[in-house]
Amino acid sequence: MKDGSSTDWQDEVMRTGISHNHNISFGHSSEKSRYSASANYLQNQGIIKTSYMNRLTGRVSIEQQALNDRVTLGFNISNTETNQHVIREELFANMLKYLPTIGIYNPDGTYYQNTQNSNYHNPVAILDNDLDDRKINNMLTNATIKVNIFKGLTYDASVSYQNTDIKRNVYDKQASTLKIGSNGFALRSEYANRKQLFENYLTYEK
């Protein structure tokens, strides 16, 4: 089938992706204490139009000695928040196999679609009408204590906590060629994972 068009489907959906990364950090150290903090921001365009990922990460670390240096306390926390616009997997196969002799649009402005094959989709229509957005938040905290009980004998304890939340929003617009006849489709899902770890031990060296 053809309508006189000459369409480069890869050129229609791809681009040159640009990314940039920014980082700032500071710290301080003295005889009894040490602390540091940092923040990082990454923005990355995908090579497919509309795709992107941006990520913000923050970290704080503190260590303090007390009781004549017999006790060392430590605390670390890091948090990462990632936002993604993910390209639907059907686009990748169709941008390679869709007929170049077919145009993007019908004469009435709607997206051209081969309705005789349910696995054959207009790549530009997928890009514009089938969305998949994700937000991922990951936090990790850790607290430690080290006690020099007497010469050669130390006690160490560590408590760690990890919290991961993933939210996904899928939306197929009314004009979606993946969901023809559905008059629009939306799906929202959430995933949460919690992990806790406690360790403690004695060490004797002589």
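The values are calculated or read from the model by the stated rules, or taken from the named source; none is laboratory data. Note that this is a predicted model, so its numbers are computed, not measured. With ideal geometry, Cβ positions are generated from the backbone for all residues, glycine too; neighbour counts draw on all protein chains shown.
Yes or no, residue by residue, for (1) more than 27 Å from the chain's Cα centre (by Cα); (2) within 30 Å of residue 59 (Cα to Cα):
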| residue | (1), (2) |
| --- | --- |
| 85 | no, yes |
| 94 | no, no |
| 100 | yes, no |
| 110 | yes, no |
| 113 | yes, no |
| 125 | no, no |
| 132 | no, yes |
> Going through region 17-65 one residue at a time, which ones are of a type in the set (Phe, Trp, Tyr) and surrounded by 15 or more Cβ atoms within 10 Å (Cβ to Cβ)?
Replying inline: 35, 52
> Mind checking whether some residue in region 150-159 is under 27 Å from residue 71 (Cβ atoms) and under 21 Å from the mean Cα position of the chain (by Cα)?
Replying inline: no
>> Looking at region 135-151, I want the residues that are without any contact (Cβ under 8 Å) to a residue 12 or more places away in the chain and more than 20 Å from residue 78 (Cβ to Cβ) and have a partner that is among the β-branched types (Val, Ile, Thr) and assigned to a strand (DSSP E or B) with Cβ atoms under 7 Å, at least 6 apart or on another chain. Which pairs are those?
In response: none
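Being among the β-branched types (Val, Ile, Thr), modelled with pLDDT of 90 or more and in a helix (DSSP H, G or I) narrows it down to one of 147, 159, 124, so name that one. Spell out how you get there, then give the answer.
Numbers: 147 fails: in a helix (DSSP H, G or I); 159 fails: in a helix (DSSP H, G or I).
Among 147, 159, 124, only 124 is among the β-branched types (Val, Ile, Thr), modelled with pLDDT of 90 or more and in a helix (DSSP H, G or I).
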> residue 146 fails exactly one of the following numbered conditions: (1) closer than 22 Å to residue 82 by Cβ; (2) surrounded by 14 or more Cβ atoms within 10 Å (Cβ to Cβ). What is the number of that condition?
Replying inline: (1)
> Among the residues of region 99-120 satisfying the criterion of being of a type in the set (S, T, N, Q) and loosely packed, with under 11 Cβ neighbours inside 10 Å, which is modelled with the highest pLDDT?
Replying inline: 119
